[in-house]
1. Taking segment 40-99 as the region of interest, how many residues are assigned to a loop (DSSP other than H, G, I, E, B) and of a type outside the set (Val, Ile, Thr)?
2. Pairs under 8 Å by beta carbon, first residue at pLDDT 95 or above in segment 80-91, partner polar (S, T, N, Q), six or more apart or different chains?
3. In segment 15-29, is there at least one residue being within 10 Å of the chain's Cα centre (by Cα), at pLDDT 95 or above, in a helix (DSSP H, G or I) and surrounded by 10 or more Cβ atoms within 10 Å (Cβ to Cβ)?
4. Considering only segment 46-60, how many residues are within 16 Å of Val93 (Cα to Cα) and more than 12 Å from the chain's Cα centre (by Cα)?
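The values are calculated or read from the model by the stated rules, or taken from the named source; none is laboratory data. All figures in this text were calculated on a predicted structure; none of them were measured in a lab. As a convention, Cβ positions derive from the backbone with ideal geometry for all residues, glycine included, and neighbour counts pool all protein chains shown.
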Amino acid sequence: MTPALSQATGTLARPAHLAPGPIAAALNHARAIPQAEKYFCPADYGEKIILTFGYPGGSRLAVSIDTAGCLFATNGDRTVRTPPATLTQLEVVLGHDNR
């Protein structure tokens, strides 16, 4: 596996076209986080990965993935903890801010 590309803090990652199947499957199989649960997470400085899934009919779905803190992923209706291997895969392709 290639090491993740580092970028200057506050920069935007580059866009990429990814195979959506494995990423969607990993997020769909992750346990949903109940809204009533309280979490005490490590420091989170707001860095996120935004995935946009496009569908044949033209609709789109945005999924926001936290890269620090609780490592949650959400589409606005469902929130899960991002599987570590999925986050690593995304950071290898998209890069991340220096930490």
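1. Step one: of segment 40-99, the residues assigned to a loop (DSSP other than H, G, I, E, B) are 40-47, 55-59, 67-71, 75-78, 82-83, 95, 98-99.
From the residues that got through so far, the ones that are of a type outside the set (Val, Ile, Thr) too are 40-47, 55-59, 68-71, 75-78, 83, 95, 98-99.
The qualifying residues number 25.
2. Taking only residues 6 or more apart or on different chains, the pairs are Val80/Thr74.
3. Step one: of segment 15-29, the residues within 10 Å of the chain's Cα centre (by Cα) are 23, 27.
Now narrow it down to the ones that are at pLDDT 95 or above: 27.
Filter once more, keeping what is in a helix (DSSP H, G or I): 27.
In the following step, the residues that additionally are surrounded by 10 or more Cβ atoms within 10 Å (Cβ to Cβ) were identified as 27.
Yes, segment 15-29 contains at least one residue that is within 10 Å of the chain's Cα centre (by Cα), at pLDDT 95 or above, in a helix (DSSP H, G or I) and surrounded by 10 or more Cβ atoms within 10 Å (Cβ to Cβ).
4. Residues of segment 46-60 that are within 16 Å of Val93 (Cα to Cα), as a first pass: 47-52.
The next check asks that each one be more than 12 Å from the chain's Cα centre (by Cα); those that pass are none.
The qualifying residues number 0.
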